[in-house]
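Student: Below is one structure. I have some questions about it.
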Amino acid sequence: MLKAVIFDFDYTLGDTTNGIVSSINYALEKLGFGMRSTEEIRKTVGLSLKDTFFALTGEQNEEWAVQFSNYFREQADLVMVESARLYDDTKEVLQKLKQDGYKVSIVTTKFRFRIEHILEKFDASHLVDLIVGAEDVKIEKPSPEGLLWAIDRLELKKNEILYVGDSIVDAKTAQNAQVDFAGVLTGTTVADEFKVYKNVFIGERITDVYNFIMNYNH
C-alpha cells in the first residue's frame with residue numbers, strides 16, 4: 001500500500017530555468033568560458049553542480065568545478081527564488097495528496113533552503129512533510145542516499161514509496177534505491193528514454209501521476 005509520494009523539484013513540481021541559466025552563465029563567464037544557451041542548460045537540470053560543469057564544458061578539472069559551484073551559488077542567492085514558479089497543478093496535487101493521507105516529500109539536488117523559500121513564496125510549505133537537499137547528503141542523485149534518508153525519516157518501507165521525477169537522473173535514483181518510479185514529461189526527457197528504466201507509470205504531468213495513484217491504491 002502506497003503511503004508517501006516523494007518528488008524531485010525542478011521540472012517536476014516547478015520551473016527555475018531563468019535562475020539556473022543566469023547562475024550557470026554567470027559562473028561560466030567568471031571562469032572564462034562562453035555562455036551556454038538555455039536549451040543546452042535545460043538538459044543538465046537535475047545534475048549536481050559539479051556534473052553540470054563537466055557536461056557543459058567538457059572539462060574534468062575538479063578545482064574549476066568547485067569554483068563553478070561557488071560562483072553559481074553566489075548568483076543563485078540573488079535570482080533563484082525570485083525567478084521560480086510552481087506548475088499550475090502543483091499546489092492542487094500536493095493538497096489532494098495531503099487530504100488523502102499521504103506523506104509528501106521532496107528530494108532534490110537544489111539546496112533545501114532554496115526549496116523552503118520557494119514553497120514559502122507560494123504559500124505551499126504546509127503541503128510538504130520533508131525536504132532533502134544537496135546540503136543533506138554526501139553524494140547527490142543518482143546516488144540513492146537522499147531518497148533512502150527521506151524514506152527512513154518518514155518511517156516507511158521502500159514498497160510504500162513512489163518517487164516522481166522528470167529526468168533520467170531521477171529514474172536512476174529510484175532504481176538505485178529500489179523504489180517504484182513515475183516519470184513526468186514536464187522536463188527535457190521523453191517517454192521512450194524512461195522506458196529503459198523500471199517505472200510503474202509515465203505521465204505528461206503530476207496530475208496524471210495523482211490519477212494513477214488513485215487507481216493504484218483503490
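Student: May I ask you to list pairs of residues, at least six apart or on different chains, whose Cβ atoms are under 6 Å apart, with the first in segment 148-162 being at pLDDT below 95 and the second being crowded, with 20+ Cβ neighbours inside 10 Å and among the aromatic types (F, W, Y)?
Tutor: none
Student: Now a separate question. Which of the residues that make up segment 99-139 are aliphatic (A, V, I, L, M) and outside any loop (DSSP other than H, G, I, E, B)?
Tutor: V104, I106, V107, I115, I118, L119, L127, L130, I131, V132, A134
Student: Applying the selection to segment 1-28, what residues are assigned to a loop (DSSP other than H, G, I, E, B) and either modelled with pLDDT under 95 or not hydroxyl-bearing (S, T, Y) (or both)?
Tutor: M1, L2, K3, D8, F9, L13
Student: Kindly indicate which of L31, L86 is more than 28 Å from Y210 (Cα to Cα), surrounded by fewer than 18 Cβ atoms within 10 Å (Cβ to Cβ) and at pLDDT 95 or above.
Tutor: L31
Student: Please specify each residue of segment 44-64 satisfying the condition of being part of a helix (DSSP H, G or I) and either of a type in the set (D, E) or crowded, with 20+ Cβ neighbours inside 10 Å (or both).
Tutor: Listed by number, the residues that qualify are L49, D51, T52, F53, L56, E62, E63.
Student: Could you please tell me which pairs satisfy a Cβ distance under 7 Å, a separation of 6+ or placement on different chains, a first residue in segment 190-208 that is in contact (Cβ under 8 Å) with a residue 24 or more places away in the chain, and a second residue that is in a loop (DSSP other than H, G, I, E, B) and among the charged types (D, E, K, R)?
Tutor: Partner pairs satisfying both residue conditions: R205/D89; I206/D89; T207/D89.
Student: Could you list all residues from segment 89-123 that are buried (at least 18 other Cβ atoms within 10 Å of the Cβ), over 22 Å from S22 (Cα atoms) and basic (K, R)?
Tutor: The one that is buried (at least 18 other Cβ atoms within 10 Å of the Cβ), over 22 Å from S22 (Cα atoms) and basic (K, R): K103.
Student: With respect to the numbered conditions (1) buried (at least 20 other Cβ atoms within 10 Å of the Cβ); (2) of a type in the set (S, T, N, Q); (3) not assigned by TED's automatic domain parsing to the domain that holds P144, which one is the sole condition not fulfilled by Q67?
Tutor: Here Q67 meets the rest and fails (1).
Student: For segment 53-108, which residues satisfy the criterion of being of a type in the set (K, R) and within 19 Å of A27 (Cα to Cα)?
Tutor: Of everything in segment 53-108, just one residue is of a type in the set (K, R) and within 19 Å of A27 (Cα to Cα), namely R73.
Student: Residues that are farther than 19 Å from V93 by Cβ and of a type outside the set (F, W, Y): list the helices (runs of 4 or more DSSP H) wholly contained in segment 162-218 that include at least 3 such residues.
Tutor: 168-177, 191-194
The values are calculated or read from the model by the stated rules, or taken from the named source; none is laboratory data. Only a predicted model underlies this, so the values are computations on that prediction, with no experimental measurement involved. Here Cβ is always computed from backbone atoms with ideal geometry, including for glycine, and neighbour counts include all displayed protein chains.
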